[in-house]
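Undergrad: Quick one: this structure, given as structure tokens, is what I'll be asking you about.
Just so you know, all these numbers are worked out from the coordinates, no wet-lab data involved. Bear in mind the structure is a predicted one, so any value in this text is a computation, not a measurement. Here Cβ is always computed from backbone atoms with ideal geometry, including for glycine, and neighbour counts include all displayed protein chains.
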Amino acid sequence: MRLLKQTLALTACGLQSIPSRFGTSLVTVIGIMTVVGVLLSLLSMGEGIQSWETGQARADRAVVLSRGATGSFGSRITREEVTILSHESGVRKGMDGAPLVSASSTLGVDVVTKANERGTLYVDGITNRLVYPEIHLLVGHWPKPGLDELAVSRLAQTLDEGVQLGDRVRLHGLDWTIVGVFEDAKGAFEQSVLADGETVLSAFGADAYQQVIVMLDSPADFVRFKQAVLADPSLKVDVYTEVASREAAFKRMRRLLDFVSYFIGTLMGLGAVGAALSSLYASVDTRGRQIATLRALGFGVVPVLASVLIEGMLLALSAAIVGALIAWLVFNGRVINAESSTFPLAVTPHIVFISIIWALGIGLIGGLLPAIRAARLPVAFAMQDR
């Protein structure tokens, strides 16, 4: 209890001396605040793309890719395989008794954004929209089989040029007309235009799809469906849950974004540590006589050491809170385009917590050497007139 009281008293004295070294303290706060803001803005990219791509993933949907494929772009599933998959155990039937199975093919199209930058819009040819109940038509009608028609997402309309209702998009030498606008809130199709699956295959001279999405009777039927598919010798495919498939597709990008975030955060953190060192050394120098007097009155080394460290961490905490608030106001929900993917940034409590811990670490490291100096400062030397 005595150590705690001494530590609190010394910490209070240190905080009261901040106005006398306002400049160095402000530099520390701004430095740490900047580190937190930049770190959060970068980490929010990884959080955003993961929540965007997996937010609408369902436990009762399975994804089928050709055996050995790591993603849809390296997969090939024939029409015959699609038919076989439609009759496997565990596949849900629609109101009309037809299997809720959708084969799809995806290709990227270069577009110009409304910010006059190059972007990518994905054309998804799907055979059964009922597999995606989260997609809602807002205006117009869905593309009809056999016609070169497209439905564009509402988000793509707000970001890209030339994709308004009635516009014509040039694909593979053919003009496709945009006949509908849909919404897929927080879903992967928000950066897409949809077309009829068979029409896309015919237009591009392809004879196979890239993946198959299967709606199951229930999430518990996934294991039964997978076992039935893998046991069928006529199928050479792999089966994944939709969540696992989407997470695997964006794992590489997430790792890259997180690496860049922490690398830049570390470099900036080193600069902030320097600022913290300067501020807390100034605190020790300003309070040298005060510390010596308190030591002479019986204050121990541990309270002196702890008080300087606490002061540094309190400065870091205040800076982190302000930096996190600014980052949330500026970046949260802002839609960007990165690596040909469009998604909103997400400043989540998880990465805010990480950034605050990062800031406290900066404060702790920056306060360590000044704290040791304060604790080891000879009483006779500190009491000298300077």
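Undergrad: Provide the net charge surrounding residue 196, with neighbours chosen by a C-beta distance below 9 Å and charges set as Lys +1, Arg +1, Asp -1, Glu -1.
TA: Neighbour charge sum, excluding residue 196 itself: -1.
Undergrad: Residue 244 to residue 260: extension gain in nm, 0.36 nm per residue of separation minus the Cα-Cα distance?
TA: Contour length minus the Cα-Cα distance gives 3.4 nm.
Undergrad: Which order do 224, 61 fall in if you start with the one that has the fewest other Cβ atoms within 10 Å? All intermediate terms of the calculation are to be shown ahead of the outcome.
TA: Working: 224 15, 61 22.
Neighbour counts put them in this order, fewest first: 224, 61.
Undergrad: Hey, can you rank 191-202, 322-333 by average C-beta count inside 10 Å, highest first?
TA: Listed from highest to lowest mean packing, they are 191-202, 322-333.
Undergrad: Sorted by mean Cβ packing within 10 Å, highest first, what order do the peptides 85-98, 122-135 take? Present the calculation step by step, with values, prior to reporting the outcome.
TA: Values: 85-98: 14.3, 122-135: 19.6.
Ranked from most to least packed, the peptides come out as 122-135, 85-98.
Undergrad: Can you pull the one-decimal nm distance between simple spin-label points at residue 139 and residue 30, each 7 Å off the Cα toward Cβ?
TA: 4.7 nm
Undergrad: Going by average Cβ neighbours within 10 Å, how do the peptides 357-366, 344-353, 37-46 rank, with the highest at the top?
TA: Ranked from most to least packed, the peptides come out as 37-46, 357-366, 344-353.
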